[in-house]
Amino acid sequence: MRPSALVPALVAATAALCAQPAAAAPHGLRLGLAEASFQSGKASAREQWLGRAREAGAQLAMLNAVWSSIAPRSRPAGFDPANPADPAYDWKALDEAVRSAVAQGLEPILDVDFAPSWAEGPGRPSFAAAPPGSWLPSAPQLGLFARALATRYSGGFVDPAAAEAGPLPRVRYFQIWAEQNLSVHLTPLWRGKRMVAPAHYRAMLNAAYAGIHMASPGAKTIVGGLAPYGDARAGASRIPPVWFWRSLLCLRGARLKPTACPEPAHFDIAAHNPIDVFGPTVGAVSPLDVSIPDLGRLTRIVRRAVATRRALPARRKPFWATEIWWDSRPPDPRGVPVARQARYLTQSLFELWRQGVGAVIWWYLRDQAPGTAGYAATQQSGLLYRNGFAKPSFTAFRFPFLAQRRRGGGTIVWGRAPRSGRLTIERRRPRGWAPIGNAGAGLDGVFFGRLRLPPGGLVLRARQGAETSLSWRLG
């Protein structure tokens, strides 16, 4: 094919493929990273690893706004939890992380979880059964903390204790809790045979939404991403995500019959953590679980809830994947080979994008230190080894590219270039790489289209300027 012939093919194919039920309408894809060093107490470490995240092509940085760490351990007399300038709050570490992330060109997502003990409910059975911060977090108190948090990062707040530093940056994204379908994050999940966590979380979410929007009307409240797998039995320590979402949004059964819902859930962005045990094209065995290829099980619920006003405001909800990862070998002897980790990352981004996901967060930028706990208790899922050397997944994250043959003929190509603009698709030949077409990267650098290629084994890649993607082998 002539180098120029791919341009109309890509444009036409995008419209044709996206009209099919399995494909999403053309849209961008924002990428983010989580990394403990983003919140290091050492400025040099924060700047180093946030800089590497920007180098990797990340646009978003996941930061933890741990309620129990920022709030006082015990509630002092006269404490005003809605006031971000109350001296009992300790914002120092989060302020530094937010300032550093913004300075490096990354947009923070603040993930709120773990209540201080004075904001938990009565009757905790034990810390073993209900870990600290998880037991019946007070929705009203969470709302006040969320208001203080959003006020502090509304873009115009100057801390009176550090006025010389000027206003703190604006933060638009606030995620409320994480994996609240697991008993390590929210308890109780059940009262006997009755599932109670979704209703309690709905009250928490609504209180946080109200506090955030009161303080910063343009901010976005994100539902906490659920763990992908659960146990379909009363009293289990994991609720299947499909069950949790149905209950949260007042819908019953597979037909999603609306039930009474005096206080519908309020949120701006839906989210899930579709961590996949196997490859990114292998769905969960249970129809109640949701791994990467299964997101339609949740988007269907959210659409139904919006249509029946059980998800408010009653408008389309963007969907984000707020945690995906695979450990690599090396260093983890039980991880997937590093080349396969890169391939899985690319396939994951495509599978999520085609299901309509607008942002994906990869955990982590850098391998965790195994320490005395060993590899089994830590994640070796970084784009970088612990020493900062890049794995193939670093390139796959910065410039993902894949090609897939389709039944009925034709090959689709998809990717996300480092920047919007022109790029070239190349084929490996005996004497090196040769261009076979051009494409235009649009929103967030995403490109998508169809090629007519001969059968048999081929190796393709994408090039933009001096940068190239990893190669992709077609069978």
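Just so it is clear, none of the values below were taken in a lab; they were calculated from the coordinates. Source: prediction; values computed, not measured. Every residue, glycine among them, receives a Cβ derived from its backbone with ideal geometry; neighbour counts consider all protein chains shown.
Values as computed for the structure displayed
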quantity	calculated
Folded to 0 to 90 degrees: helix 338-354 orientation relative to the chain principal axis, Cα	80
Sorted peptide list for 431-444, 387-400, criterion being average Cβ within 10 angstrom, highest first	387-400, 431-444
Amide proton proximity set for Gly410, modelled H, under 5 Å, gap of 5+	Leu453
Expected 222 nm ellipticity per residue - DSSP helices of 4 or more, -39500 (n - 2.57), all of the chain, to 500	-8000 deg cm²/dmol
Proportion of all alpha-carbon pairs of the stretch 209-315 beyond 20 Å (%)	43
Nearby lysines by direct alpha-carbon distance to Lys317 (threshold 30 angstrom, same-chain neighbours under 8 apart not counted)	Lys220, Lys257
Cα-based reach from Lys193 at 18 Å (exclusive), listing aspartates and glutamates while leaving out same-chain residues under 8 positions away	Asp231
Whole-percent pair-distance distribution, where bins are 10 Å wide, for the alpha carbons of the chain	4, 19, 29, 26, 15, 5, 1, 0
Net +/- balance of residues flanking Ala434 in space, Cβ distance below 9 Å, scoring K and R +1, D and E -1	+3
Residue exposure sequence - Val102, Val223 - by fewest surrounding Cβ within 10 Å	Val102, Val223
Residues Gln48 and Arg309, FRET efficiency given R0 of 41 Å [Cβ-Cβ distance, rounded to 0.05]	0.30
Reach of Lys42 by Cα under 16 Å, taken over aspartates and glutamates that are not fewer than 8 positions away in the same chain	Asp95, Glu96
Ranking of Met204, Met195 by count of other Cβ atoms within 10 Å, fewest first	Met195, Met204
Sequence of Val285, Val98 once ranked by neighbouring C-beta atoms within 10 Å, starting from the fewest	Val285, Val98
Packing-based order for 124-132, 62-70, using average beta carbon neighbours within 10 Å, highest first	62-70, 124-132
Using a Förster distance of 25 Å, the FRET efficiency for Trp118-Ala199 (Cβ separation, nearest 0.05)	0.65
Rounded to 10°, Cα long-axis angle of helix 139-152 versus longest principal axis of the chain	60
17 Å reach of a label modelled at Ala260, 7 Å along Cα-to-Cβ, counting backbone N of the stretch 295-312	310
DSSP-defined beta bridges in the stretch 234-358 - what % are antiparallel, rounded to 5	20
Between 0 and 90°, nearest 10: helix 92-103 axis offset from the chain longest Cα axis	30
